[in-house]
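For reference, the structure discussed in these notes is given below.
The values are calculated or read from the model by the stated rules, or taken from the named source; none is laboratory data. Quantities reported herein were computed from a predicted structural model and do not represent experimental measurements. Every residue, glycine as well, gets a Cβ built from its backbone with ideal geometry; the counts of neighbours run over all protein chains shown.
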Amino acid sequence: MNDVWCDVVTEREVRYGMLQSDHPNDTSFCITRCITNLMDNLHQHHAHTFIDVVPGRHNQQSVTVDVDAQQMLAALHHDKIASVLSPHSIAHFDIDWENPEETNPNEDEVYLSRFMDVFERRMMELIESAVALQRSATCDPHVVEILQHLTVCRQRSQVCLFVTFIYM
């Protein structure tokens, strides 16, 4: 199995925003889900929206799961993400597809409610942490001194530039 991803936007976001980040727990979190009886319902007309299948002609009785894609996804979840994020930054949901002929796992009210709660809580934690970090940086006397020097340098350079234009 090659560890080569197609270069699409979502994969870039995962790669650069999480896997290669200096502080991924401060900027990222991961939510995964497992539709527990998905393999038993591959013949359902919209099952392919939840799992990668091999492109080609399929009839309703025979759908071939893309094993390479599943292995890469498992490696991403269990190895790569787990190695850069703390357990606090990872949430997992198991969903039963109770009535595949009539329902969609994305419409499960309990799952959606829990998902929204986890998403909102974790986003608020990340935002509050980033705001606190920004505030603490501006309270650091070294940072304040550097900012004061930068302000004076910028003001003097603008004055010198103005004076140069007048005498030209």
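Assorted remarks:
- Residue satisfying condition, being in contact with a Lys or Arg (Cβ under 7 Å, 6 or more places away or on another chain) and over 30 Å from A130 (Cα atoms), within set I35, I95: I95
- Flag for L73 being at pLDDT 85 or above and not β-branched (V, I, T): yes
- Looking only at segment 127-142, residues that are charged (D, E, K, R) and within 20 Å of the chain's Cα centre (by Cα) come to 1 in all.
- Restricted to segment 24-43, and to residues there that are hydroxyl-bearing (S, T, Y) and touching a strand residue (DSSP E or B) at 6+ places or on another chain (Cβ under 7 Å), the residue that is nearest to H88 (Cα to Cα) is T32.
- Filter pass, L161 being out of contact with any helix residue (DSSP H, G or I) (no Cβ under 7 Å at 6 or more places or on another chain), modelled with pLDDT of 85 or more, outside the structural domain of A47 (by TED's automatic domain parsing) and farther than 27 Å from I31 by Cβ: no
- Helices (runs of 4 or more DSSP H) enclosed by segment 23-142 - at least 2 residues per element that are of a type in the set (A, V, I, L, M, F, W, C) and either in contact (Cβ under 8 Å) with a residue 12 or more places away in the chain or surrounded by 14 or more Cβ atoms within 10 Å (Cβ to Cβ) (or both): 67-75, 109-139
- So D117, is it in the same structural domain as L42 (by TED's automatic domain parsing) and either within 21 Å of D26 (Cβ to Cβ) or under 25 Å from the mean Cα position of the chain (by Cα) (or both): no
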